1. Of the residues Ala108, Ala148, only one is among the hydrophobic types (A, V, I, L, M, F, W, C) and either without any contact (Cβ under 8 Å) to a residue 40 or more places away in the chain or in contact with a Cys (Cβ under 6 Å, 6 or more places away or on another chain) (or both); which?
2. Are any residues in the range 271-305 modelled with pLDDT of 95 or more and small (Gly, Ala, Ser), and if so, which ones?
3. Just checking, which of Val126, Val101, Val139 is hydrophobic (A, V, I, L, M, F, W, C), assigned to a strand (DSSP E or B), touching a Lys or Arg at 6+ places or on another chain (Cβ under 7 Å) and surrounded by 19 or more Cβ atoms within 10 Å (Cβ to Cβ)?
4. Scan Asp53, Asp38, Asp115 and give me the residue that is surrounded by fewer than 18 Cβ atoms within 10 Å (Cβ to Cβ) and either of a type in the set (Gly, Ala, Ser) or at pLDDT 95 or above (or both).
5. With the checklist (1) touching a residue at least 60 places away in the same chain (Cβ under 8 Å); (2) not assigned by TED's automatic domain parsing to the domain that holds Thr32 in hand, flag the one item Asn103 doesn't pass.
6. Name the one entry in Gly153, Gly131, Gly171, Gly137 that is at positive phi and not hydrophobic (A, V, I, L, M, F, W, C).
7. Considering Ala37, Ala15, which residue is in contact with a Pro (Cβ under 8 Å, 6 or more places away or on another chain) and at negative phi?
8. From the set of residues in the range 179-206 that are touching an Asp or Glu at 6+ places or on another chain (Cβ under 7 Å) and small (Gly, Ala, Ser), which is surrounded by the most Cβ atoms within 10 Å (Cβ to Cβ)?
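The values are calculated or read from the model by the stated rules, or taken from the named source; none is laboratory data. Small disclaimer: the values here were computed from a predicted structure and weren't measured. All Cβ positions, glycine included, derive from the backbone under ideal geometry; neighbour counts span all protein chains shown.
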Amino acid sequence: MSSVIGVDLGGTKIAVATLRGSQLSESQMEPTDLASADALVDQLANMIESLRDDDLVGVGIGVPSVVEFSTGRVVNSVNVPLRDVPLRAVLGERLGVPVFVDNDATVAALAEAHDDQLRLVAANLVMLTVGTGVGGGIVLGGRIYRGATGGAGELGHTIIGAELAASVPDGGHFPQHGSLEALAAGHALDGMAAQAAGLRPASALGRLRAEGKSVLGADAVAAAREGDEIAARIVNLWARRLGIGIANAINTFDPDEVVIGGGAIKAGELLLEPAVSVARGYIVPGLGTACNVRLAWHGVRAGVLGAALLAAHELQAASGRPDVEVSA
């Protein structure tokens, strides 16, 4: 049986695993070498080579970057030194097998459209990855939707709260004021938690600040779980803001599922319940009646699994036959 290798390239670590049939191997991980583009490409090639066997037919890579999918060129990248690197061509030449490169949130969405047996269970799915920023991925008809330039899914930059009564602010600075990322990303929760710590010294967050500790969003979630009222209000507001973004996704795509991934899923029902409640009130009547909103179920393995599925699906599409036996 043929195999593919999936690579989840992040700003701090790289995970690599082999997919054979519906079985994904344990991931091999290393800290990301950020010294230079050449050093990072060498690291990727070496990690892939360490797992390859004689039946390897392709490699998929998810990167935290804007990617020109047709060529596999990394157009722009903030967290890894791959800006303007033709990663597909460079690695394909070194490895001698087809390489496919896409945005990391996009491939994570592809993984979430499949269950543990890699059966396609959501042909139309939108994923919101909420971490330091807000990313997104779209699957339509069981296939990744990339748009005209390959950058579809930048849902964090949809506007959910701009003040437009007096004028329209100048654009160009990202994240823009009023965007989903500006208002509901992890850094937004960090800011709200720090502000509350200063304003409410008697709260759990205020006591952390008095001890000289940094106060972050994760502290607000932990304090909310312990029943702190101020922290609970902050987390609830953060979740309700995300609910507007969920409603926008449903109004735009009418998907089978909206999946929330990224570090935000650690908040669990503290995030999901108020977000869904708000979203339901902003969905156009008649839309979203069959849409399930849930937290990501593949967890940290979604990136590497999605990258492997990317390679398998692209090879199948190119050949017209199941070169790699992956259910889809």
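1. Numbers: Ala108 fails: either without any contact (Cβ under 8 Å) to a residue 40 or more places away in the chain or in contact with a Cys (Cβ under 6 Å, 6 or more places away or on another chain) (or both).
Only one candidate qualifies: Ala148.
2. Of everything in the range 271-305, those that are modelled with pLDDT of 95 or more and small (Gly, Ala, Ser) turn out to be Ala275, Ser277, Ala279, Gly281.
3. After applying the criteria, what remains is Val101.
4. Working: Asp53 fails: either of a type in the set (Gly, Ala, Ser) or at pLDDT 95 or above (or both); Asp115 fails: either of a type in the set (Gly, Ala, Ser) or at pLDDT 95 or above (or both).
Matching residue, one of Asp53, Asp38, Asp115: Asp38.
5. The number of the failed condition is (1).
6. On the way: Gly131 fails: at positive phi; Gly171 fails: at positive phi; Gly137 fails: at positive phi.
Result: Gly153 is the single residue among Gly153, Gly131, Gly171, Gly137 that is at positive phi and not hydrophobic (A, V, I, L, M, F, W, C).
7. Details: Ala15 fails: in contact with a Pro (Cβ under 8 Å, 6 or more places away or on another chain).
Selected residue: Ala37, the only one of Ala37, Ala15 that is in contact with a Pro (Cβ under 8 Å, 6 or more places away or on another chain) and at negative phi.
8. Step one: of the range 179-206, the residues touching an Asp or Glu at 6+ places or on another chain (Cβ under 7 Å) are 193, 203-205.
Adding the requirement that they be small (Gly, Ala, Ser) leaves 193, 203-204.
Working: Ala193: 26, Ser203: 20, Ala204: 21.
Taking the candidates together, the pick is Ala193.
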